[in-house]
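Report on one structure; see the data block that follows.
The values are calculated or read from the model by the stated rules, or taken from the named source; none is laboratory data. On a predicted model such as this, the values are computed, not experimentally measured, just so you know. Positions of Cβ are backbone-derived with ideal geometry, glycine not excepted, and every protein chain shown enters the neighbour counts. Areas reflect the complete protein model, heavy atoms only, side chains present, ligands, DNA and RNA absent. Shrake-Rupley method; radii C 1.70, N 1.55, O 1.52, S 1.80 Å.
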Amino acid sequence: MFNTTLKPLLLSAALLATSLASQAQSTTNNLHDSWNALLNKHVVAINHNHSTEVDYAAIKREHAQLKTYLDSLSAVTQNEFDAWEKPKQLAFLINAYNAWTVELILTKYPNLKSIKDLGSFFSSPWSKEFVPLLGKTRSLDDIEHGLIRGSGKYNDPRIHFAVNCASIGCPALREEAFTATELESQLQQQTVRFLSDTTRNMAQENTLNISSIFKWYGDDFEQGFNGANTLQQFFLQYSDALKLVPAQQKALKNNDMKVKFLDYSWDLNARQ
């Protein structure tokens with residue numbers, strides 16, 4: 001027979017467990033709040049909302065807030081990260097890449113015209129190991145090509161429209177932090193935002209002029225995302241964004257459309 005005296009104890013234990021779980025969830029949800037605030041204040045949409053400019057000078061004045069955020073990312077352990085659902089992991093990694101890219105720019109700003117100025121003849125800025133993350137000191141390349149692309153966990157080519165290389169040619173640095181709950185819609189919005197930018201992706205008669213991103217990372221768009229096993233199939237998913245008329249869609253589907261990769265601007269995406 002059930003001991004009724006245990007009911008209050010069991011109820012208290014259940015409430016405590018719920019409270020702790022709620023606190024843990026709240027802590028995770030709030031992890032990116034300070035980064036979100038910086039982005040809201042200092043990233044401005046331009047080019048009919050297809051691109052953004054970053055007020056690095058203003059962020060530099062609030063560097064303590066950025067540093068606190070970076071420290072909070074560094075405090076996340078590998079075990080904690082592994083226990084998260086994939087959307088939470090991916091949002092974390094994208095935010096980490098973008099925030100540490102801004103941190104890298106601030107090490108020399110305003111005395112640079114491009115992120116490439118932070119590299120040398122022997123090494124690129126993306127290979128610098130300066131990011132304390134998940135128990136190791138990593139480079140930006142480690143985050144993007146190792147933890148995100150190389151892990152095999154996520155298989156989502158839309159990350160290329162989310163991670164930002166601090167350059168004009170790069171897809172926009174989003175004006176808000178990525179979050180687990182909004183990740184799907186955020187990635188979709190970033191993809192449409194970039195593909196619909198006629199300064200970097202545009203169909204002209206039988207030629208599709210596209211960003212060099214698709215040349216560098218073409219394989220990522222051929223790994224079955226939403227059934228797309230070729231770059232052409234990926235583009236057909238975004239016919240509206242690319243403003244493809246029916247004849248162009250047919251040509252693209254039949255692999256009869258010429259693809260041309262456009263020049264890429266590495267100039268800093270700084271607010272003027």
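Let me check I've understood the local charge: for residue 188, count other residues with C-beta under 15 angstrom from its C-beta, Lys and Arg +1, Asp and Glu -1. What total comes out?
Details: positive: 158, 174, 193; negative: 156, 176, 182, 184, 240.
Summing Lys and Arg as +1 and Asp and Glu as -1 gives -2.
The chymotrypsin sites (Phe, Trp or Tyr not before Pro) of the range 93-136 meeting both criteria, a DSSP state outside H, G, I, E and B (loop) and at most 13 other C-beta atoms within 10 angstrom of the site's C-beta, are 121, 122, 130.
Here's how it looks for residue 46: its modeled amide H is under 5 Å from those of 51, 52, 53, which are all 5 or more places away or on a different chain.
Cα extents for the range 51-183 along the principal axes, largest to smallest and rounded to whole angstrom: 41, 32, 28. Mind running the shape call on the range 32-262? Use the C-alpha gyration tensor, a ≥ b ≥ c as the square roots of the eigenvalues: rounded below 1.5 for a/c, prolate if a/b tops b/c, oblate otherwise. The shape class here is prolate. Computed over neighbours whose Cβ is under 14 Å from that of residue 257, the net charge equals +3, Lys and Arg +1, Asp and Glu -1.
Seen from residue 174, the other residues with C-beta closer than 11 Å to its C-beta sum to a net charge of -2, counting Lys and Arg as +1 and Asp and Glu as -1. In terms of accessible area, using a 1.4 Å probe and ignoring ligands and nucleic acids, 50, 63, 42 rank largest first as 63, 50, 42. Ranking 182, 103, 85 from most to least accessible surface, computed with a 1.4 Å probe over the protein chains only, gives 85, 182, 103.
Between helix 63-74 and the chain there is an angle of about 70 degrees, using the helix long axis and the longest principal axis of the Cα atoms. Each residue of the range 252-264 was assigned a 3J(HN,Hα) from its phi angle through the Karplus curve 6.51 cos²θ - 1.76 cosθ + 1.60 (θ = phi - 60°); the sequence is 5, 5, 8, 6, 9, 9, 6, 10, 10, 8, 8, 5, 10 Hz, with glycine and proline shown as x. Residues whose amide H comes within less than 5 Å of that of residue 114, counting only those at least five positions distant or on another chain, are 268 (H built at 1.01 Å from N in the peptide plane).
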